[in-house]
Amino acid sequence: MNAQTDTRDVHESEQIRALVGRTRIRELTIRSNVPGLAFMAAHFALIFSTGYLLSLSLGSWWVMPATFIHGIGVVHLFAPFHETAHNTPFRSMWLNRTVGLIIGPVLGLLPHVFRYQHAEHHTHTQVIGRDPQAIPMAETIDGFLYYASSIPYFQYILTTLFRHLIGNFNAEERRAVPESAFRTLRQEACIFGAIYLILLLGSIWFQSWVVLIYWLIPRIVAEPVERIIRMSEHVGCPRVGDILFNTRTILTFAPMRWLSWNMAYHAEHHAIPLVPFHKLGKLHEVLHPHLGEMRESYIKTVQHMVRNGIENSSKARNTTAT
């Protein structure tokens, strides 16, 4: 991949163009600032509201469920962060970049490297060795449970930050990111490192637990929910080239769709990544008869992934035994 093409977004295939129609695609890919700003305001309002409830619960046993609920809003900031990688939640490029840079430190995700690797994910979906965001470990039951714990995810976040601070980029990153962008990646890591250092020193200086109580602990406690949602998008899907089969759409209830910025319509998102999140429901109306992997709820999807993991683990043991 060269520097000229690696910042492009992934466009829909001829198959999808035939199913949806070029005129309809043009209509669906029109961006606007208003829905993104409304969703962003509502999302932060949710986080501040649950943060207030958490403050009321301190000193009582209610602090445990309050921390988890608050964390759900925090970890779901991944949804708008992901959208900004496609430059679709806002018409304004400045808004897309700014929101990504604001949310990035909250999640510990470096926006630039995520953007490059996510383009690779859309280009080579489910292709092991080419899709940097595939989760092959989750295809076995042990790997599924381990990834759901969020341990490997937090290991990835921490090691990536430390590597980029010293300018160390692995083979996967060198394949996805042009060499001309390495300096930007290192600068971004330095900015993140400075933010975290300021928060650490400030917490020590003021003897404050605010960062731990309202950010880090909720983030850690609720992250397994986000990991399960991420696995639900592709784990257990056929490893084929057809995007309507290697990516899963989940029919969930409206509050969950809102919280995930409509990413439950994930096959639709992969079909035409340039469609803004608030129009994915309309795209679903067109594509749903053609979807090869669609589940009725997250609970049923988890059941499917667990069965898939058990079956694959059993096959692996039998193969080893023979």
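Within the stretch 134-155, residues that are within 19 Å of Thr319 (Cα to Cα) reach partners that are aliphatic (A, V, I, L, M) and at pLDDT 95 or above with beta carbons closer than 6 Å, at six or more positions or on different chains, in the pairs Ala138/Met231; Ala138/Val235; Ile141/Ile310; Gly143/Met137. Within the stretch 258-282, can you find the residues that are touching a Leu at 6+ places or on another chain (Cβ under 7 Å), of a type outside the set (A, V, I, L, M, F, W, C), more than 20 Å from Val240 (Cα to Cα) and not in a helix (DSSP H, G or I)? Of everything in the stretch 258-282, just one residue is touching a Leu at 6+ places or on another chain (Cβ under 7 Å), of a type outside the set (A, V, I, L, M, F, W, C), more than 20 Å from Val240 (Cα to Cα) and not in a helix (DSSP H, G or I), namely Asn262. Of the candidates Ala194, Ala189, Ala181, Ala138, the single residue that is small (Gly, Ala, Ser), surrounded by 16 or more Cβ atoms within 10 Å (Cβ to Cβ), in a helix (DSSP H, G or I) and out of contact with any His (no Cβ under 8 Å at 6 or more places or on another chain) is Ala138. Summed over the stretch 245-259, the residues that are out of contact with any strand residue (DSSP E or B) (no Cβ under 8 Å at 6 or more places or on another chain) and crowded, with 22+ Cβ neighbours inside 10 Å give a count of 1. Beta carbons closer than 8 Å, at least 6 apart along the sequence or on distinct chains, pair a first residue in the stretch 182-196 that is closer than 10 Å to Leu110 by Cβ with a second that is surrounded by 18 or more Cβ atoms within 10 Å (Cβ to Cβ) and among the acidic types (Asp, Glu) for Leu185/Glu173. Only residues that are free of Cβ contacts under 8 Å to residues at least 24 places away in the same chain and either among the hydroxyl-bearing types (Ser, Thr, Tyr) or surrounded by fewer than 12 Cβ atoms within 10 Å (Cβ to Cβ) (or both) were counted in the stretch 269-299, giving 3. Could you please give the count of residues in the stretch 285-322 that are of a type in the set (D, E, K, R) and under 16 Å from Thr252 (Cα atoms)? Of the residues in the stretch 285-322, 5 are of a type in the set (D, E, K, R) and under 16 Å from Thr252 (Cα atoms). Screening Gly292 against (1) assigned to a loop (DSSP other than H, G, I, E, B); (2) under 19 Å from the mean Cα position of the chain (by Cα); (3) over 30 Å from Ser92 (Cβ atoms) leaves a single unmet condition, (2).
The values are calculated or read from the model by the stated rules, or taken from the named source; none is laboratory data. Note that this is a predicted model, so its numbers are computed, not measured. Note: ideal-geometry Cβ built from the backbone for every residue, glycine included; neighbour counts use all protein chains shown.
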